[in-house]
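The values are calculated or read from the model by the stated rules, or taken from the named source; none is laboratory data. Everything numeric in this text was worked out from a predicted model, so none of it was measured. Cβ placement follows ideal geometry from the backbone for every residue including glycine, while neighbour counts extend to all protein chains displayed.
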Amino acid sequence: MKTKLKKGDRVVIIAGKDKGKEGNITLIDRKNGRVVVEGCNMITKHQKANAANQGGLIEREAPIHMSNVMYVHSGKAARLGVEIKDGKKVRVAIVNKERFVID
């Protein structure tokens with residue numbers, strides 16, 4: 001699935017149990033159209049013990065669909081777009097029909 005989001009982008013959750021929470025993207029799964037946001041969509045996983053670490057219940061982030069997150073620009077949720085400036089493609093954040101270059 002094509003996306004304008006990148007690893008490390010600050011996003012806000014717009015739907016689901018964690019609606020309104022903000023965090024940075026730690027992983028993007030383009031094949032399934034999902035992202036992992038740090039500190040959001042936490043699940044409890046039963047981890048079997050191995051040589052490297054102890055077993056038990058661990059808390060970790062679960063993937064969330066890309067359509068349920070929005071990029072955050074200056075504290076506000078923004079759509080992302082692309083413009084061509086000086087012959088190069090740049091990402092722009094669109095907030096209230098104003099465009100801000102972010103890359």
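Which pairs have Cβ atoms under 7 Å, sit 6 or more apart or on different chains, and link a residue in the stretch 78-102 that is at negative phi and free of Cβ contacts under 8 Å to residues at least 24 places away in the same chain to one that is outside any strand (DSSP E or B) and aliphatic (A, V, I, L, M)?
VAL92/ILE102; ALA93/ILE102
Out of LYS31, LYS19, LYS2, which single residue is more than 19 Å from ARG79 (Cβ to Cβ) and exposed (fewer than 12 other Cβ atoms within 10 Å of the Cβ)?
Numbers: LYS19 fails: more than 19 Å from ARG79 (Cβ to Cβ); LYS2 fails: more than 19 Å from ARG79 (Cβ to Cβ).
Among LYS31, LYS19, LYS2, only LYS31 is more than 19 Å from ARG79 (Cβ to Cβ) and exposed (fewer than 12 other Cβ atoms within 10 Å of the Cβ).
Answer yes or no: is there a residue in the stretch 79-91 that is at pLDDT 95 or above, of a type in the set (Lys, Arg) and in contact with a helix residue (DSSP H, G or I) (Cβ under 7 Å, 6 or more places away or on another chain).
No - not one qualifying residue is present in the stretch 79-91.
For the stretch 46-71, give me the residue count where each residue is under 22 Å from the mean Cα position of the chain (by Cα), of a type outside the set (S, T, N, Q) and surrounded by 10 or more Cβ atoms within 10 Å (Cβ to Cβ). Walk me through it before giving the result.
Going residue by residue through the stretch 46-71, those that are under 22 Å from the mean Cα position of the chain (by Cα) are 58-71.
Okay, now just the ones that are also of a type outside the set (S, T, N, Q), so 58-66, 69-71.
If we keep only those that are surrounded by 10 or more Cβ atoms within 10 Å (Cβ to Cβ) as well, we get 58, 60-66, 69-71.
Adding up the residues that qualify gives 11.
Considering only residues that are closer than 26 Å to GLY33 by Cβ and either of a type in the set (Gly, Ala, Ser) or surrounded by 12 or more Cβ atoms within 10 Å (Cβ to Cβ) (or both), which ones fall in the stretch 84-102?
VAL90, ARG91, VAL92, ALA93, ILE94, VAL95, ARG99, PHE100, ILE102
Can you give me the number of residues within the stretch 61-103 that are of a type in the set (Val, Ile, Thr) and either in contact with a Pro (Cβ under 7 Å, 6 or more places away or on another chain) or assigned to a loop (DSSP other than H, G, I, E, B) (or both)? Step through it out loud before you land on a result.
Initial filter on the stretch 61-103 (of a type in the set (Val, Ile, Thr)): 64, 69, 72, 82, 84, 90, 92, 94-95, 101-102.
Going one step further and asking which of them are either in contact with a Pro (Cβ under 7 Å, 6 or more places away or on another chain) or assigned to a loop (DSSP other than H, G, I, E, B) (or both), we end up with 102.
Going through the stretch 61-103 one residue at a time, the tally reaches 1.
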